[in-house]
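K.L.:
Can you keep this structure in mind? I'll have questions shortly.
The values are calculated or read from the model by the stated rules, or taken from the named source; none is laboratory data. Quick caveat, the model's predicted, so the values are computed rather than measured. No Cβ is skipped: glycine too gets one built from the backbone with ideal geometry, and neighbour counts run over all protein chains shown. We work out accessible area using only protein heavy atoms, side chains counted, and drop any ligands, DNA or RNA first. Shrake-Rupley method; radii C 1.70, N 1.55, O 1.52, S 1.80 Å.
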Amino acid sequence: IKWAKENSITTGYEDGTYRPDEPVSRAAMAAFIIRAKEKTDNPICNGNISCQNTQPYFKDVGPSFKFYAHIQRLYELGITQGWVMSDGSREYRPFENISRAAMAAFLVRALEGENFGYNFNPYFQDVPPNHPQFKYIQRLKELGITKGCNAEGTLYCPDRAVTRAEMAVFLCR
């Protein structure tokens, strides 16, 4: 947490707290990743303009939203696509808590994009090869970013929400 604060990846809450046991929202995840990856709180989007001044990619995140620019940039980098709705529009769902499985996909895409190798032999008992985020979770383990969610390192807990303390550790690693 200290590392994340010193590197301007987190600003904490307005009351000066970090709240390590609270879950990370999808909106906060976007801010953490863009701050870590691009070392800025004011990302530049394609077309060399401030992401704050771009047309929304997601119908549920408008320019007045606190992390709008970060979410816009996350989309442009291919780190997230959100959900495609039946009318062709997209939703990001910024207030939902991010699962450990989704976090693995976000982090690996931020680091390596979609073209990476990984071990097909499962590291974690609760993440079989047919899990939608299997390749990302495998790669997160290979990169040394996760050790699992239990002391033995045999479980990953893919559906559990990521806490703010865990997120600081993952980003630091």
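K.L.:
Translational diffusion coefficient, Stokes-Einstein: compute it for the range 1-88 using the Kirkwood radius over C-alpha pairs as Rh, at 37 °C and 0.692 mPa s, and state it as an integer in µm² s⁻¹. Each step should come with its number before you reach the end.
P.N.:
Values: Rh = 13.9 Å.
In µm²/s, the coefficient rounds to 236.
K.L.:
Can you pull the accessible area of S8 for me, 1.4 Å probe, Å² to the nearest 10?
P.N.:
80
K.L.:
Taking the Cα-to-Cβ direction at E38 and at E96 and moving 7 Å from each Cα, how far apart do the two end points lie in nm?
P.N.:
Those two pseudo-labels are separated by 2.3 nm.
K.L.:
Then there's this: By how many nm would the segment from K5 to V169 grow when fully extended, if each residue of separation counts as 0.36 nm and the alpha-carbon distance is taken off?
P.N.:
On the way: separation 164, 0.36 × 164 = 59.04 nm, distance 1.20 nm.
Extra length available between K5 and V169 comes to 57.8 nm.
K.L.:
Turning to a different aspect of this structure: For C157, C51, C172, give me the order by solvent-accessible area with a 1.4 Å probe, most accessible first, ignoring ligands, DNA and RNA. Can you show the working numbers first?
P.N.:
Values: C157 35, C51 0, C172 70 Å².
The most accessible residue leads, giving C172, C157, C51.
K.L.:
In deg cm²/dmol, rounded to 500, what helix-only [θ] at 222 nm does the chain give when every DSSP H run of at least 4 residues adds -39500 (n - 2.57) and the total is split over its residues? All intermediate terms of the calculation are to be shown ahead of the outcome.
P.N.:
Working: 6 runs with 58 residues, N = 173.
So the calculated ellipticity at 222 nm is -9500 deg cm²/dmol.
K.L.:
By the gyration tensor of its Cα atoms, with a ≥ b ≥ c the square roots of the eigenvalues, what is the shape of the range 73-115: rounded for a/c under 1.5, prolate for a/b over b/c, or oblate? Don't skip to the answer; put the middle values down first.
P.N.:
On the way: a/c = 2.28, a/b = 1.39, b/c = 1.64.
It is oblate, given that a/c is not under 1.5 and a/b is not larger than b/c.
K.L.:
I would also like to ask the following. Using only protein heavy atoms and a 1.4 Å probe, report how much of I44 is accessible, in Å² to the nearest 10.
P.N.:
Per-residue accessible area (I44): approximately 80 Å².
K.L.:
Quick one: pull the percent of accessible area on the chain belonging to carbon and sulfur, 1.4 Å probe, ligands and nucleic acids left out. Numbers along the way, then the final one.
P.N.:
Values: 4410 of 8910 Å².
Carbon plus sulfur share of accessible area: 49 percent.
K.L.:
Okay, next question. Does the range 78-173 come out rounded, prolate or oblate, given a ≥ b ≥ c as the square roots of the eigenvalues of its C-alpha gyration tensor, rounded meaning a/c under 1.5 and, failing that, prolate meaning a/b above b/c? Don't skip to the answer; put the middle values down first.
P.N.:
Numbers: a/c = 1.70, a/b = 1.46, b/c = 1.17.
Prolate, because a/c is 1.5 or more and a/b exceeds b/c.
K.L.:
Further, regarding this structure: If you build a Gaussian network model of the chain, linking Cα atoms that sit under 10 Å apart, which residue out of E152, E112, E38 swings the most?
P.N.:
Checking each option, the largest mean-square fluctuation is seen for E152.
K.L.:
Quick check: with the 1.4 Å probe, what order do E96, E6 take by accessible area, largest first? Walk me through the numbers on the way to the answer.
P.N.:
Working: E96 80, E6 120 Å².
Output order, biggest surface exposure first: E6, E96.
K.L.:
For the chain, would you read off the P(r) tail past 20 Å as a percentage of all alpha carbon pairs? Before the final figure, lay out the partial values.
P.N.:
Working: 7855 of 14878 pairs.
Percentage above 20 Å: 53.
K.L.:
Starting from 0.36 nm per residue, how many nanometres of slack lie between K66 and E114 once their C-alpha separation is accounted for?
P.N.:
Result for the pair: 14.5 nm of gain on full extension.
K.L.:
Let me ask something else. Where is the GNM fluctuation largest for the chain (alpha-carbon springs, 10 angstrom cutoff): Y13, Y68, Y156?
P.N.:
Y13
K.L.:
Here's something else I'd like to know. Helix 100-112 versus the longest principal axis of the chain: what angle, 0 to 90°, nearest 10, using Cα atoms?
P.N.:
The angle comes out at about 70 degrees.
K.L.:
Hey, what's the chain come to in accessible area per residue, 1.4 Å probe, Å²?
P.N.:
On the way: 8910 Å² over 173 residues.
Heavy-atom accessible area per residue stands at 52 Å².
K.L.:
Using a 1.4 Å probe on the protein heavy atoms only, what accessible surface does E166 show? Give it in Å² to the nearest 10.
P.N.:
The accessible area of E166 comes to roughly 40 Å².
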